[in-house]
1. Output wanted: per-residue J couplings in Hz (rounded whole) for the stretch 101-110, from phi through Karplus 6.51 cos²θ - 1.76 cosθ + 1.60, θ = phi - 60°, x for Gly and Pro.
2. Give the shape of the stretch 131-204 as rounded, prolate or oblate, defined through the alpha-carbon gyration tensor: a ≥ b ≥ c are the square roots of its eigenvalues, a/c under 1.5 means rounded, and otherwise the shape is prolate if a/b is larger than b/c and oblate if not.
3. Only helical DSSP H runs with n ≥ 4 go in: add -39500 (n - 2.57) per run for the chain, normalise by residue count and round the 222 nm mean residue ellipticity to 500 deg cm²/dmol.
4. Whole-Hz Karplus ³J(HN,Hα) for the stretch 76-90, in order, using 6.51 cos²θ - 1.76 cosθ + 1.60 and θ = phi - 60°, x for Gly and Pro?
5. Of Ile204, Ile140, Ile216, which has the most accessible area and how do the rest follow, probe 1.4 Å?
6. At Lys169 and Thr71, where each label point lies 7 Å from the Cα along Cα→Cβ, what is the point-to-point distance in nanometres?
7. With charges only on Cβ, +1 for K and R and -1 for D and E, what is the dipole size of the stretch 1-133 about its Cα centre, in debye, rounded to 20?
8. Sorted by accessible area (1.4 Å probe), largest first, how do Glu170, Glu35, Glu40, Glu95 line up?
Amino acid sequence: MKLLVDSGSTKADWIAIDDSGKVLFTTQSLGLNPEVLTKEEVISRLDDKFDIEHNKDKADYLFFYGAGCGTDRMKKFLTDIFEEYFSKAKVTVHEDTYAAVYATTPKGEEAIVSILGTGSNCSYFDGTVLHQKVQSLGYIAMDDCSGNRFGRHLLRGYFFNKMPAALAKEFEEEYNTDADFVKHNLYKEPNPNAYLATFAKFIIRHKDSEFCRQFIFEEMESFVENYIKQFDNHKDIPVHFVGSIAFYLKDELQEVLTKHGIKLGNVLRRPIDGLIAYHVLNK
C-alpha cells in the first residue's frame, strides 16, 4: 500500500492506493507543517484520524509532500517521525512544490509552478529538476498573495477602522473579532498562519468590493514581481498554479498575468488526484 500525502499548514489530504492505482481509502487530517509543530503535535494529528492510525502498519511506502519541508532539517524532522510511526514503510519527504509540479506537468514539461494557498512559493521546473531562487522565510516575512497574507490585510483593515461599515458588520458576524481571542490565536496557538488563512474566504467572497479588490491585486502584483520574475524565461513558458487562492481567484490571476505578458497554465485547487497517476507511472 502506498500512502500519498499533500499537506499544507491548514490541512493534509491523504490517499492510499495499491500498485495499480486503485484507491483504498481517502481521508483528511490537520496540516503537518514541521516549521510550526512539535513531534508530539504531529503524532497527535496522525492518531486523531482512524484510517491513518488503523493502517499505519500496512503502508509499504509513504510519499509526503508538505509545506515547511524546504530545508534538510525539516525533512529529517518529519522523516524520523514518520519512520517511527509507519514502521514498515519506506518514507520519502518532499516540499509541497513537488506535488504541484508532478500534478501540473504530467509529461514532465518545462514550466514555472506556483502555490497559492495558506502560504505561497514559486519554482522553475526544467522537466527533470526543480529550481528555486527564493529561500522562504515563512509567513511573517514572505508568503506574498497567500491566504495568511489576505487574513493579515483583513484584520488590519478591521482593527484600524479602514474596513467599510457594511463589510465590517458582516465580518463581525462571521468571525470572533474580540481582540483577546485574535491575539490568543496569533501568539498562543499552533499554526497562526493557518488561523490567518481562515479569513481568506471572506476576501474571496467579497472580491468585487473595492476594499478587497485592492488587496487582491496588490498581492498578485507583488507575487509576480517578487517570485515569478525571478526567472528570466517567465514569458516563454506557462506558469501553473496550485492552491485555493489561485483556484478561486483565477480570473483576477489571469488579468494580472496577461498585463505582464505571462501565460497562465493549469490551475488546480489541490494536486492530490494528479499524484495518483504520477505514482502509478513511477513505481
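1. Whole-Hz 3J(HN,Hα) from phi for the stretch 101-110: 5, 5, 7, 9, 10, x, 9, x, 7, 5.
2. prolate
3. On the way: 13 runs with 123 residues, N = 283.
Per the formula, -12500 deg cm²/dmol.
4. The phi angles translate into 5, 4, 6, 4, 4, 5, 5, 5, 6, 6, 9, 5, 9, 9, 7 Hz.
5. Ranked from most to least accessible, the order is Ile140, Ile204, Ile216.
6. Result for the modelled spin labels: 4.8 nm.
7. On the way: 15 positive and 22 negative charges, 17 e Å.
Rounded to the nearest 20 debye, it is 80 debye.
8. Numbers: Glu170 65, Glu35 100, Glu40 125, Glu95 25 Å².
Descending order: Glu40, Glu35, Glu170, Glu95.
The values are calculated or read from the model by the stated rules, or taken from the named source; none is laboratory data. From a predicted model like this one, the values you see are computed outputs, not experimental measurements. Every residue, glycine among them, receives a Cβ derived from its backbone with ideal geometry; neighbour counts consider all protein chains shown. Heads up: the accessible areas ignore ligands, DNA and RNA and are worked out on the full protein's heavy atoms, side chains in. Shrake-Rupley method; radii C 1.70, N 1.55, O 1.52, S 1.80 Å.
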